[in-house]
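Here it is, the structure, as structure tokens.
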Amino acid sequence: MQANFSVYRKEPGAGSKAGRSTYTVELPEDATVIDALLKIRDEQDPTLGFRGSCLHGYCGDCTVRINGKAGFSCAVKVAPLAAKGGEIAVEPIRNMPVIKDLISDWDTFLWDKIDVIKPWLEPNGAASLDGEELIDDKVMAKVRQAMSCFYCGLCDEGCTVLPVDFKFVGPAALTKASRFLCDPRDHATAERLRILERPKGMWDCVHCFEASEHCPREIAPTERIIEMRDMAFKHGITNEKVARHHHSFANSVRNSGWLDEGRLAIESEGLTNIKGLMKLLPTAAKAVARGKAPIPFLHHKRPGADKIARIIEKAEAKEK
Amino acid sequence: MQEFDVVVVGAGAAGLRAAIAAKQAGAKVALLTKVHPLRTNSGLAQAGINAPLGPDDSPEAYAGDILQAGDGLCDPAVVQNFTHQAGDAVMWLERAGTPFNRAAGGRFDRRRIGSNSRARSLYVDDRTGHVVMQVLYEQFQRERIPLFADWFVTSLALEANRCVGVNALGLRSGSMDSFAAKAVILATGGFTRMYLPSTVSMGTTGDGQNLAYQAGVSLIDLEMVQFHPLACPGGKGLMITEAALAEGGQIVVAGGQPIAGLQGATRDKICLAIAQASRNGAGGVWLDLTMIGRQKLHQRLPQTLDLIAKVAGLDPAKDLIPIGPVAHRPVGGIEAGTSGQTSIGGLYACGECACTGLNGGGRLAGNILTEMVVFGARTGEAAAAYAKSAPAAAFPAGRLDEEKKRLDALISAEKTEYTAGRIHAELGALMDAKAGLLRDAAGLQAARDQIHALKDKYARLRVKNQSPIYNYELVSYLELGAMLNVAEALVAAAAARKESRGAHRRSDFPARDDRIGISHTVVRLVQGEPQVDTRPVVAL
Ligand code: SF4
């Protein structure tokens, strides 16, 4: 079969402009996209840069975008794409800096981010040196599921925060953190949660669920992030802005039956955080000018507030 | 130039374990690897990791199974020593956080795979290697060992029969550097990419074996190449774990009739039975997993289910999966002692690139990961101890410049009639046909001649890509050179062993022949040619 490819190209270096190269290749019927790339590099263009390792879909090294859809170039067959006619577009995945052509910078994209979340077990010392530690398989299954992650980066490529803030640690690294937090053999839970609550950590996730949608391993990174946040509350690790926001939110609804937005803004910044509060002033002034200011001391209970408070109480009791 | 006590080359399970052990023994360590640790071929190991930890098991029983699979070619002292350390080495992994599957009551669950006489393989679903690699990498990160990922080692620095470091090409920077070290550990993995099709990753090209061989170290039992019986040709050598058989799968011929006598058989026997059945006009051989049921498949073999669907386009809950033997792992390799020591001072080897005499003619299923962590740890410790006591040796001046010139000379815009890819494709087909599952004298002679011809073409081949950064054309070129050299040595070894034993099957010498003496095949490079010798196996 003959197939036409249009491949993203970029020379290394900050100033270089990206472009495209087109190639026509003769391929066997069962060829995958990486077969095509290998053939192009061998026969037509030795300068073409791309990664790949296992060739059988389990290592995650060759993730690229093929016709706009992220996947593994070793697992995507060419034939159905070629049958549609036109060019098959191959590009680097989104949200990752490109070094050269399809070779992205996994260091800054993922490996360095994993490095900051304390990515190793701190044994709790419960097991004797030679004895087996008895652990329910259901508990282990959750750890195994997290560790089935093959660092393909698809969750990070689908993430909606990373395009606006590349410093966000991202769902893949957070999944790695979750692997330790759900492991009963680890004893560093509090320390881990304190690392995760730092800026650019778990509270920067906007739970858009794109990560879970994109993950080919059903690891559910978003659900895991939410779970870790809950864990932080349970451990009383709530001095971070978003945690304060959650607290203020819940308190307001509990007390008045609805949201006190003025108080929410102030309490989220922190009552002693003068710098943060100053930042609110321009927004507050604009709101006042337009008659839309939520003035905290004017906030009053809404009808039915008692019922709402009881719902919250019940939900919290169930949680416990 | 960078200076370390111990430099480890290769970031699979053996390399990571060695680096961790060397660091914990007090050495200043660096690890160089052409591919990130979590993308290495060690992730291919799926079914489990052996350790004689069960109440019905013992190091002696375990040793018995290893000796059986090795078909008379194991060194019994090495085996005994290994089986006594395997339990601790695997428990170390558990303590470091490997989430092994548990049985009711929370104890380790164990699988009985391949020719193990007991359920002895601890496992993590069907991705044991993948998860063990993560745990090893976690511990590696904890030790804060400098990682030079995307670095390709181009040569060893030798000085008076001692290895004092390596020269390497940084793919990302596009520049060469030298790494002085008192001890160098080769942990570069196997070489079966010289066969096509093959189950292994692209980088499994015998780089370490070639470095050692060129330096004058012997390669042992190279003719012993394990084929994997459950590879799916539709998935281009996609390997299906033997755990699939442990979970109830069956190997069947047309009409769904199972091939008899494969329960608990060694890999080479299963491979031969499949090849035999295909030749007998069975119309093909299939793996039948349908009786396991979708739910159990999802639970017990999630990765297998997923890969067969994505890579081979089949549904194991409904479809029979066509299978055949495909080149998988070498059993032989760099001659190394149980602490990884080689015949060159300061040069060590461990893991799949090394041959310690543990596996003899065939590796017991479930042993590869155990072997990597046991010998990885020991080699790391030994290299650190050597580095502590070894006298200082200067990195040979000018060696880096010589190496840069050598590589520069390879790059030329001149057109050649051949490409590296085509030479590789020819080599792969040749090895599969003539030095594959079944061999004979005429075929091996033809293989030898054709490898010579390919080496001639290779000598005229040039690298056209002038751009230094991520020059994968250059990397492929160097890998191909390693494969050609090791293939030549392998074919010489296979021609010399005139019997069938372990993974080495000769149609012209179909039986095991103990009268000719039970010996290892030893290949050494003498004046540019492989020279084959034998070394008797030492009985206990
Ligand atoms: S969590 Fe899923 S999507 Fe994200 S890197 Fe891991 S396997 Fe890929």
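The values are calculated or read from the model by the stated rules, or taken from the named source; none is laboratory data. Worth saying up front: this structure is predicted, and the values here are computed from it rather than measured. Backbone-built Cβ (ideal geometry, glycine too); neighbour counts: all protein chains shown. These area figures cover heavy atoms from the full protein model, side chains too; ligands, DNA and RNA do not enter into them. Shrake-Rupley method; radii C 1.70, N 1.55, O 1.52, S 1.80 Å.
If you roll a 1.4 Å probe over the stretch A:2-103 with all protein chains in place, what percent of the accessible area is carbon or sulfur? Mind dumping the intermediate values first?
Working: 1940 of 3830 Å².
The value for the stretch A:2-103 is 51 percent carbon and sulfur by accessible area.
I need the P(r) histogram for the stretch A:2-103: all alpha carbon pairs, bin width 10 Å from 0 out to the longest distance, whole percents.
Pair shares across the bins are 16, 52, 28, 3.
In Å², and per residue, what accessible area does the protein assembly as shown have when probed at 1.4 Å with the other protein chains present? Kindly include the intermediate steps, with their values, before the conclusion.
Numbers: 33160 Å² over 860 residues.
Normalised by residue count, the accessible surface of the protein assembly as shown is 39 Å².
Sorted by packing (mean other beta-carbon atoms within 10 Å per residue), highest first, where do B:30-36, A:76-82, B:394-400, B:16-22 land?
On the way: B:30-36: 24.9, A:76-82: 17.9, B:394-400: 14.0, B:16-22: 31.4.
For the peptides B:30-36, A:76-82, B:394-400, B:16-22, the packing ranking is B:16-22, B:30-36, A:76-82, B:394-400.
Determine the relative contact order of chain B: mean sequence separation of Cα pairs under 8 Å and six or more apart, normalised by residue count, in whole percent. Each step should come with its number before you reach the end.
Working: 1263 pairs, mean separation 119.7, N = 540.
Dividing the mean separation by the residue count of chain B yields 22 percent.
Would you mind working out the magnitude of the charge dipole of the protein assembly as shown relative to its Cα centre, with +1 at each Lys and Arg C-beta and -1 at each Asp and Glu C-beta, to the nearest 20 Debye?
Details: 102 positive and 97 negative charges, 423 e Å.
Dipole size: approximately 2020 debye.
A further question follows. Give the peptides B:335-341, B:368-374, A:108-114 in descending order of average Cβ contacts within 10 Å, highest first.
Numbers: B:335-341: 22.0, B:368-374: 28.4, A:108-114: 19.3.
By packing density, highest mean first, the sequence is B:368-374, B:335-341, A:108-114.
Compute and list, largest first, the equivalent-ellipsoid semi-axes of the stretch B:285-344 from the alpha carbon gyration tensor, each √(5λ) rounded to a whole angstrom.
Numbers: eigenvalues 283, 41, 19 Å².
Those come to 38, 14, 10 Å.
Straight-line reach from A:Lys307: which lysines have Cα under 21 Å away, leaving out those fewer than 8 places along the same chain?
A:Lys318, A:Lys320
Take every residue in peptide B:131-143, count the Cβ atoms of other chains within 10 Å of its Cβ, and give the average of those counts. Write out the running numbers ahead of the final one.
Numbers: counts 7, 1, 2, 9, 3, 0, 4, 9, 3, 1, 6, 5, 1.
Mean shielding by partner chains, rounded to a whole number: 4.
I've got another one for you. Using only Cα atoms, locate the centre of the stretch B:133-193 and the centre of the stretch B:448-481, then give the distance between them in Å, rounded to an integer.
Cα centroid of the stretch B:133-193 versus Cα centroid of the stretch B:448-481: 21 Å apart.
List for the stretch B:206-244: residues with 30 Å² or greater reduction in accessible area, all protein chains versus chain alone, probe 1.4 Å?
So the qualifying set is B:Lys236.
Shifting gears a bit: About the Cα centre of the stretch A:204-271, how large is the charge dipole given +1 on each Lys and Arg Cβ and -1 on each Asp and Glu Cβ? Please answer in debye to the nearest 20.
Details: 8 positive and 12 negative charges, 54 e Å.
For the stretch A:204-271, the charge dipole is close to 260 debye.
Using mean Cβ contacts within 10 Å as the protection proxy, how do B:383-392, B:87-96 order, highest first?
Numbers: B:383-392: 16.8, B:87-96: 19.5.
My ranking of the peptides, most packed first, is B:87-96, B:383-392.
Using the 2.2 N^0.38 Å rule of thumb for compact globular proteins, work out how the stretch B:288-411 stacks up: its C-alpha Rg over that value, please. Write out the running numbers ahead of the final one.
On the way: Rg = 22.7 Å, N = 124, 2.2 N^0.38 = 13.7 Å.
This ratio for the stretch B:288-411 stands at 1.65.
When you take every Cα atom in chain A, what is the radius of gyration, and what is Dmax, the widest Cα pair distance, in Å?
25.0, 76
Run the quick spin-label model on A:Gln2 and B:Leu540: label points 7 Å from Cα toward the beta carbon, then report their separation in nm to one decimal.
6.8
Compute the distance from the alpha-carbon center of the stretch A:260-275 to that of the stretch B:48-118, in whole Å.
Here the answer is 60 Å between Cα centres.
State the percentage of accessible surface on the stretch B:386-468 attributable to carbon and sulfur atoms; use a 1.4 Å probe and exclude ligands, DNA and RNA. If you can, show how the numbers build up before the last one.
Working: 2400 of 4500 Å².
On the stretch B:386-468, the fraction of accessible area on carbon and sulfur atoms equals 53 percent.
Considering only A:Ala220, A:Ala173, A:Ala14, give the residue with the highest GNM mean-square fluctuation for chain A, with springs between Cα atoms whenever their separation is below 10 Å.
A:Ala14
Now, a different point. Taking accessible area as the heavy-atom solvent-accessible surface of the protein chains with a 1.4 Å probe, which residues of the stretch A:108-123 lose no less than 40 Å² upon going from the isolated chain to the full protein assembly?
A:Trp111, A:Asp115, A:Trp120, A:Leu121
Still on this structure, I have one more. Return, for the Cα atoms of chain B, the radius of gyration and Dmax in Å, separated by a comma.
22.3, 69
How many Cβ atoms of partner chains, on average, are near each residue of A:300-311 if near means within 10 Å of its Cβ?
Details: counts 0, 0, 0, 0, 0, 0, 0, 0, 0, 0, 0, 0.
Taking the mean over all residues of the peptide, I get 0.
What ratio of Cα Rg to 2.2 N^0.38 Å holds for the stretch B:339-498?
1.30
Give the residue from B:Ser117, B:Gln85, B:Val200 lying farthest towards the positive end of the charge dipole for chain B; charges sit on Cβ (+1 for Lys and Arg, -1 for Asp and Glu) and the dipole is referred to the Cα centre.
Of the options given, the answer is B:Val200.
Let me ask something else. Can you give me the relative contact order of chain A as a percent, contacts being Cα pairs under 8 Å and 6 or more apart? Show your work: numbers first, answer last.
Values: 460 pairs, mean separation 37.9, N = 320.
Reported as a whole number, the value is 12 percent.
Now for a different question. Divide by every residue of the protein assembly as shown the summed helix terms, -39500 (n - 2.57) for each DSSP H run of at least 4, and state the resulting mean residue ellipticity at 222 nm, rounded to the nearest 500 deg cm²/dmol.
Working: 27 runs with 318 residues, N = 860.
Result for the protein assembly as shown: -11500 deg cm²/dmol, rounded to the nearest 500.
Holding the Cα-Cα limit at 18 Å, pick out from A:Lys241/A:Lys301; A:Lys17/A:Lys167; B:Lys405/B:Lys455; A:Lys100/B:Lys405; B:Lys405/B:Lys464 the pairs that are longer than that.
Values: A:Lys241/A:Lys301 25 Å; A:Lys17/A:Lys167 24 Å; B:Lys405/B:Lys455 21 Å; A:Lys100/B:Lys405 25 Å; B:Lys405/B:Lys464 16 Å.
With Cα atoms farther than 18 Å apart: A:Lys241/A:Lys301; A:Lys17/A:Lys167; B:Lys405/B:Lys455; A:Lys100/B:Lys405.
Any idea what the dipole of the stretch B:399-513 comes to, in debye rounded to 20, about its Cα centre with Lys/Arg Cβ at +1 and Asp/Glu Cβ at -1? Could you put the intermediate results ahead of the total?
Numbers: 20 positive and 17 negative charges, 40 e Å.
I would put it at about 200 debye.
Which one, A:Gly262, A:Gly15, A:Gly60, has the greatest fluctuation when you compute a Gaussian network model over chain A with C-alpha springs under 10 angstrom?
Maximum among the listed residues: A:Gly15.
Another question, if that's okay. Taking the stretch B:405-540 on its own, what percent of its Cα-Cα pair distances exceed 27 Å?
Values: 3033 of 9180 pairs.
Every Cα pair in the stretch B:405-540 considered, those over 27 Å come to 33 percent.
For B:Lys28, give me every one of the lysines with a C-alpha distance below 17 angstrom, ignoring sequence neighbours fewer than eight places off in its own chain.
B:Lys182, B:Lys388
For B:Phe4, B:Phe179, A:Phe166, what's the largest-to-smallest order of accessible area, 1.4 Å probe? Write down the numbers at each step before the final one.
Values: B:Phe4 25, B:Phe179 0, A:Phe166 75 Å².
These residues rank, largest area first, as A:Phe166, B:Phe4, B:Phe179.
Give me the percent of DSSP beta bridges within chain A that run antiparallel, rounded to the nearest 5. Walk me through the numbers before you get to the answer.
On the way: 18 of 22 bridges.
Once the DSSP bridges in chain A are tallied, antiparallel ones form about 80 percent.
Once you mark the GluC sites (Glu not before Pro) that are in a DSSP loop and have at most 12 other Cβ atoms within 10 Å, what is the longest gap between them in chain A?
Numbers: sites that count: A:Glu29, A:Glu218.
Excluding the exposed sites themselves, the longest stretch runs over A:30-217.
Further question on the same structure: Taking each residue of B:321-332 in turn, how many C-beta atoms of other protein chains fall within 10 Å of its C-beta, and what is the average?
Values: counts 0, 0, 0, 0, 0, 0, 0, 0, 0, 0, 0, 0.
Averaged over the peptide's residues, the number is 0.
Let me ask another. Towards the positive end of the charge dipole of the protein assembly as shown, with charges on Cβ (+1 Lys, Arg; -1 Asp, Glu), say which of B:Thr379, B:Ser343, A:Ser252 has the farthest Cα.
Farthest along the dipole direction, towards plus: A:Ser252.
Moving on. Which three semi-axes in whole Å describe the equivalent ellipsoid of the stretch A:158-302, each the square root of 5 times a Cα gyration tensor eigenvalue, listed largest first?
On the way: eigenvalues 207, 62, 43 Å².
Rounded to whole Å, the semi-axes are 32, 18, 15.
If the elastic network links every pair of Cα atoms under 10 Å, which of A:Asp105, A:Asp35, A:Asp136 fluctuates the most in the Gaussian network model of chain A?
Largest GNM mean-square fluctuation: A:Asp136.
Among A:Thr189, A:Pro221, A:Leu110, which residue has its Cα furthest toward the positive end of the charge dipole of the stretch A:105-234, with +1 on Lys/Arg Cβ and -1 on Asp/Glu Cβ?
A:Thr189
Report, largest value first, the span of the C-alpha coordinates of the protein assembly as shown along each principal axis, in whole Å.
Extents along the principal axes, in whole Å: 100, 64, 64.
Total accessible area buried between chains B and A, 1.4 Å probe, in Å² to the nearest 100? Write down the numbers at each step before the final one.
On the way: alone 20440 and 18050 Å², together 33160 Å².
Separately minus together, B and A give about 5300 Å² buried.
With just the Cα atoms defining each centre, how far is the stretch A:58-137 from the stretch A:147-163? Give it in Å.
About 7 Å separates the Cα centre of the stretch A:58-137 from the one of the stretch A:147-163.
For B:Val253, what accessible surface area do you get with a 1.4 Å probe? Give it in Å², rounded to 10.
30
Taking the Cβ of B:Thr192 as the centre, find all other residues whose Cβ is under 10 Å away and add up their charges (Lys, Arg: +1; Asp, Glu: -1).
Values: positive: B:Arg193, B:Arg329; negative: B:Glu352.
Spelling it out: positives minus negatives among the neighbours equals +1.
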